[in-house]
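Visitor: Next up is a structure, given as structure tokens.
Derivation of every value follows stated rules applied to the coordinates shown; laboratory data play no part. Quick caveat: nothing in here was measured; it's all calculated off a predicted structure. Here Cβ is always computed from backbone atoms with ideal geometry, including for glycine, and neighbour counts include all displayed protein chains.
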Amino acid sequence: MQNTKHRATNYALYVAIVMGICVNSAFAAEAPAGGGLLSLLGIDPKTIIIQVIGFLVVLAVLWKFVFGKVGGLLEERREGIVAQLEQLRTDREELDRLTAETRQRLADIETEAQAKIQTAIAQGDAERQQILTQARQEAETEIARARAEIQREKDEAILELRGVVAELAIDAAGKIISEELNAERHQHIIDASISRLPAGSR
């Protein structure tokens with residue numbers, strides 16, 4: 001727009017110079033002594049003036065209907081280019097922001113995944129240790145119960161054996177008292193009583 005105005009100013013300056021020359025020549029042509037420069041060149045001053053006026057009219061029309069519109073179009077084009085450049089800059093900044101956010105989000109996801117993996121590993125170790133401890137406790141409880149059962153059965157067997165031995169002793173003593181026995185007969189009764197005992201108590 002400024003270049004267009006500058007060119008129009010130059011055109012107006014040129015026109016003013018030409019008009020000055022023409023007017024000067026016209027007045028010189030009317031001078032009585034030998035004529036002016038235009039007369040020497042065979043140019044009619046009135047024709048020059050008419051042509052200059054026509055040129056100024058054409059210049060005014062062009063200035064109003066052509067230069068103004070062209071300048072407006074150029075200004076609109078310049079503003080459009082500036083707006084596009086500004087939009088490109090804004091889009092680039094938005095793209096950079098989204099890229100940074102995406103990278104940060106990926107880093108956060110990776111950190112969160114690593115934390116979950118470590119938590120799962122620790123939880124698995126804790127559960128494994130708990131299972132081993134529980135199994136050990138159950139085994140110890142079962143062993144203690146089996147030992148108690150064995151001890152109980154052993155105690156019952158001893159009590160039963162004592163009862164049998166007492167009965168046999170009483171029976172043998174009664175037989176010894178009721179009979180007059182020699183040593184061989186006495187030994188035979190004892191052996192018979194012992195043979196009646198359970199096999200594990202001999």
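Visitor: List, please: which pairs have Cβ atoms under 6 Å, are six or more places apart or on different chains, and start with a residue in the stretch 147-176 that is closer than 14 Å to SER195 by Cα and end with one that is among the aliphatic types (A, V, I, L, M) and surrounded by 12 or more Cβ atoms within 10 Å (Cβ to Cβ)?
Guide: Within 6 Å, the pairs are ALA172/ILE189.
Visitor: If we keep just the residues of the stretch 58-109 that are in contact (Cβ under 8 Å) with a residue 40 or more places away in the chain and aromatic (Phe, Trp, Tyr), which is surrounded by the fewest Cβ atoms within 10 Å (Cβ to Cβ)?
Guide: TRP63
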